[in-house]
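The structure under discussion appears below in the form of structure tokens.
What follows draws every value from the coordinates through simple rules; no lab data is involved. Fair warning: this is a prediction, and the values are worked out from it, not measured in the lab. No Cβ is skipped: glycine too gets one built from the backbone with ideal geometry, and neighbour counts run over all protein chains shown.
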Amino acid sequence: MGKSATTSDVHALFHSLRSAYAATANHLKIIDLYIVFAIVTAVIQVAYMAIVGSFPFNSFLSGVLSCVGTAVLAVSLRIQVNKDNKEFKDLPPERAFADFVLCNLVLHLVIMNFLG
Amino acid sequence: MIKISLCLFLVSVPFFAIICSAFSEDRPTDRRVLVLLDDFAIKSSHSIFFKSLETRGFDLDFKLADDPKLALQRYGQYLYDAIVLFAPTIDRFGGSVDAASLLEFVDSGHDLILAADTSASDLIREIAVECGVDFDEDPTAMVIDHTNHAVSETEGHHTLIANDDFVNSEVILGSRKIEAPVLFKGIGHSINPSSSLVTKVLSASPAAYSANPKSKLSSPPTLIGSAISLVSVVQARNNARILISGSLTVFSDRFFRSGVQKAGSTTKHEKCGNEQFFVELSKWVFHERGHLKAVNVRHNKVGETDEPSMYRIKDDLEYSVEVYEWSGSSWEPYVAGDMQVQFYMMSPYVLKTLSSNEKGLYYTSFKIPDVYGVFQFKVEYQRLGYTALSLSKQIPVRPFRHNEYERFIPAALPYYGASFSMMSGFFVFTLVYLYTK
């Protein structure tokens, strides 16, 4: 009796999360997809390093940093662009996007240098 | 005045020629041999052996061992290239010779033939001990063998041994097999079995022992069986060769000419093996056989011809050396399949057997290991009967320069791919983000 109650609770939780998420704006969902792509790439690289060993360690760090840095920058863009966020109410979203692009340029410059 | 000086000049020219024909690096066979005897009767009783030396071109100088005018060197130069010491009973040498000067003579690279006998003096025993050979301490002892003695009418004590326990070496004993056993009558000696410099050329059979033949055995003898050596050779580290024999009569004409029949066997040999055995052995001792020289050590990178002063790790290189053997009159190519070269730095990183082109050239090629430092090409060749070859050539090996590494590391391809996919993902994301409603 208790077990079916907990499983039905989990199902209910899942459904409510999904429906709440469906209510978010489209552009935020695009950013979320981008973040998931970056994290998955990072996880794949870590799994490869665990199998093969860390021989060109600088290349490994550079690859992982590119993924993590991209994810971080995308998260900060999402925070600044989200209209429900009271802290960044006065910040124009174009300004946030311009900052995002500039930071990404610097990030990729660093990555290319460190990749070896 | 001019006539006298002209005469002096003409006389001295052949003198210089004689000096030039002496022992030298290019002709390692000895030339001038000093023969020290107890008395001159030995010169005639051992004439076959001495004549065999003279026909091979040696200049023999017979002297009594206690001759007061005996001298080995004059003004720092040795007068002789080798010594034959057939004086077993000598107590003190004459002139300026003594045990120390004899050993110095051997230490400077010259050869020695030493024969002891039943009445060997302490001086001879002392010289033998310094050469690495221990004669039996009992002065009355002889080698007795009740199963391997020679059949003889005169000898009742079984001290005349017929032995064919030779060392298995074609360099030392010649390529022709010695068919008949060797007759021996004298004292036995022992050598250090772990020494690589001393070899037993004629060892006693397992049934032999060393004891006084005329008295009863009171305690078990100390020297027994195959540990007894009858004739040994020593090749010193400076390639001086010493022959030590426990009997002088084995060299005599009487033994050279006599037939032999082993007790218990029916084959009677017309001539015993003494002459062939000792003549071949004297050829080896006087460097007519088994003397190697290594010349022309060369190394270079594969594809080049000149020797670089430094290699890089993971280079391919070639190494070659030429080895010749002195045949008594000329240098012949030495052919063997077991010469090895080491690429050595504290321990050999590469050890390769050199291939030979049958004309004395040994070569190989290998890849330098992934270690940098100062290496040596080492060839250590020590075989029974041959002079020791010890070659070593130093060469440094450097690591990669910074532009000699691989540009793209294949193991890092996923990381390259991830970085570029992030860049293109960023580009696609900006397009999608900007142009969707």
- Here the percent of antiparallel bridges among DSSP beta bridges lying wholly in segment B:24-129, to the nearest 5, is 15
- Message: Charges at C-beta only: +1 for Lys and Arg, -1 for Asp and Glu. How large is the resulting dipole of chain B about its Cα centre, in Debye rounded to 20?
- Response: 1260
- Item | DSSP-assigned coil residues among GluC sites (Glu not before Pro) in segment B:220-292, each with at most 16 further Cβ atoms within 10 Å | B:Glu270
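I'd like the FRET efficiency for B:Asn300 and A:Ala98, computed as 1/(1 + (r/R0)^6) with the beta carbon distance as r and R0 of 60 Å, rounded to 0.05. Please list the in-between numbers first.
On the way: r = 63 Å, r/R0 = 1.06.
Step by step, r from the Cβ atoms, then E = 0.40.
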- Task: Would you work out if chain A is rounded, prolate or oblate? Take a ≥ b ≥ c from the square roots of the eigenvalues of the alpha-carbon gyration tensor; rounded if a/c is under 1.5, else prolate when a/b is larger than b/c, oblate otherwise.
- Result: oblate
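How much length would be gained if the chain were fully extended between B:Val151 and B:Leu351, taking 0.36 nm per residue of separation minus their Cα-Cα distance, in nm to one decimal?
That pair, B:Val151 and B:Leu351, stretches by 66.6 nm at full extension.
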- Let me know the mean shielding of A:98-111 by other chains, meaning the per-residue number of their Cβ atoms within 10 Å of its Cβ. 2
- Read phi for every residue in segment B:311-320 and hand back ³J(HN,Hα) as whole Hz from Karplus 6.51 cos²θ - 1.76 cosθ + 1.60, θ = phi - 60°, with x for Gly and Pro. 10, 10, 4, 6, 7, 9, 9, 10, 10, 9
- Helix B:413-435 versus the longest principal axis of chain B: what is the Cα-based angle in degrees, 0 to 90, to the nearest 10? 0
- Note on the structure: Karplus-derived 3J(HN,Hα) from phi for segment B:105-120 (6.51 cos²θ - 1.76 cosθ + 1.60, θ = phi - 60°), whole Hz, x at Gly and Pro, runs 4, 5, 4, 7, x, 9, 9, 8, 10, 10, 10, 9, 7, 4, 9, 5
- Angle between chain B longest axis and helix B:274-285 axis [Cα atoms, degrees, rounded to 10]: 40
- Task: For segment B:377-400 and segment B:267-341, write down the distance between their C-alpha centroids in whole Å.
- Result: 13
- Item | FRET E, pair A:Lys29, A:Val106, Förster distance 30 Å, beta-carbon r, rounded to 0.05 | 0.65
- Roughly how many debye, to the nearest 20, is the charge dipole of the protein assembly as shown about its Cα centre, given +1 on each Lys and Arg Cβ, -1 on each Asp and Glu Cβ, and no other charges? 2260
- GluC sites (Glu not before Pro) within segment B:342-437: which are DSSP loop residues with at most 13 other Cβ atoms inside 10 Å? B:Glu358, B:Glu404, B:Glu406
- Query: For segment B:59-107, what does the alpha-carbon gyration tensor say about shape, rounded, prolate or oblate, given a ≥ b ≥ c as the root eigenvalues, a/c under 1.5 as rounded, and a/b over b/c as prolate?
  - Reply: rounded
- Message: Need one number: % antiparallel among DSSP beta bridges in the protein assembly as shown, to the nearest 5.
- Response: 75
- Summarise the partner chain shielding of B:357-369 as one whole number: the mean count of Cβ atoms from other chains within 10 Å of each residue's Cβ. 0
- Under 16 Å from a label point 7 Å along Cα→Cβ of B:Ser365: give me every residue in segment B:317-345 with its amide N that close. B:317-321
- Item | Inter-label distance, nm, simple model (7 Å from Cα along the C-beta direction), B:Arg74/A:Val36 | 10.9
- Can you give the calculated 222 nm mean residue ellipticity of chain B, where each DSSP H run of n ≥ 4 adds -39,500 (n - 2.57) and the sum is split over every residue, rounded to the nearest 500 deg cm²/dmol? -6500 deg cm²/dmol
- Task: Give me the number: length gained by fully extending B:Ala41 to B:Lys268, i.e. 0.36 nm times residue separation minus the C-alpha to C-alpha distance, one decimal in nm.
- Result: 78.7 nm
- Note on the structure: Here the residues of segment B:333-375 lying in the modelled label zone of B:Met310, meaning backbone nitrogen under 12 Å from a point 7 Å along Cα-to-Cβ, are B:373-374
- For the charge dipole of the protein assembly as shown, defined by +1 on Lys and Arg C-beta atoms and -1 on Asp and Glu C-beta atoms about the Cα centroid, which residue among B:Ser347, B:Ala162, B:Ser421 has the Cα displaced farthest towards the positive pole? B:Ser421
- Message: Within 10 Å of each candidate Cβ there may be at most 14 other Cβ atoms; applying that plus a DSSP loop requirement, which trypsin sites (Lys or Arg not before Pro) in segment B:387-436 survive?
- Response: B:Arg401, B:Arg407
- Query: How crowded by other chains is B:406-416, given as the mean number of beta carbons from other chains within 10 Å of each beta carbon?
  - Reply: 6
- Query: B:Leu60 to B:Asn238: FRET efficiency via 1/(1 + (r/R0)^6), r the Cβ-Cβ distance, R0 25 Å, to the nearest 0.05?
  - Reply: 0.55
- Task: Rounded to whole Hz and in sequence order, give me ³J(HN,Hα) for segment B:204-221 from the Karplus expression 6.51 cos²θ - 1.76 cosθ + 1.60, θ = phi - 60°, writing x for Gly and Pro.
- Result: 6, 6, x, 8, 8, 8, 10, 7, 6, x, 8, 10, 6, 6, 8, 9, x, x
